[in-house]
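Single-structure report; data block below.
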Amino acid sequence: MAQNQRPVVGEIIDTFQSRLSKSVCEQIGSAQFTDLAIMIDEAIREEIASAADLVEDVARKLRENSRGPELGL
């Protein structure tokens, strides 16, 4: 898990746990909450990678469009 994502993932898990009863949390167990945290982290990473791909695509298109026609002088 990336350092900058840990607080967000922790907050999501904490919020989820707070919505469950104590007995349900105990039945789920810490291993499953850890698995959930890993799944959330992976989903965040996939979204970040997808966003980075989009930004790269836009940057490439901007570079292509910023090149004006050569005047051939």
Residue within the range 48-57 that is modelled with pLDDT under 95, under 24 Å from Gln5 (Cβ atoms) and in a loop (DSSP other than H, G, I, E, B) present: no
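The rows are residues; the columns are (1) in a loop (DSSP other than H, G, I, E, B); (2) loosely packed, with under 10 Cβ neighbours inside 10 Å; (3) modelled with pLDDT of 95 or more.
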| residue | (1), (2), (3) |
| --- | --- |
| Met1 | yes, no, no |
| Val8 | no, no, no |
| Gln17 | no, no, yes |
| Gln32 | no, no, yes |
| Leu36 | no, no, yes |
| Arg45 | no, no, no |
| Asn65 | no, yes, no |
| Pro69 | yes, yes, no |
| Gly72 | yes, yes, no |
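The values are calculated or read from the model by the stated rules, or taken from the named source; none is laboratory data. Quick caveat: nothing in here was measured; it's all calculated off a predicted structure. Quick reminder, even Gly has a Cβ in these numbers, built from the backbone with ideal geometry, and neighbours come from all protein chains shown.
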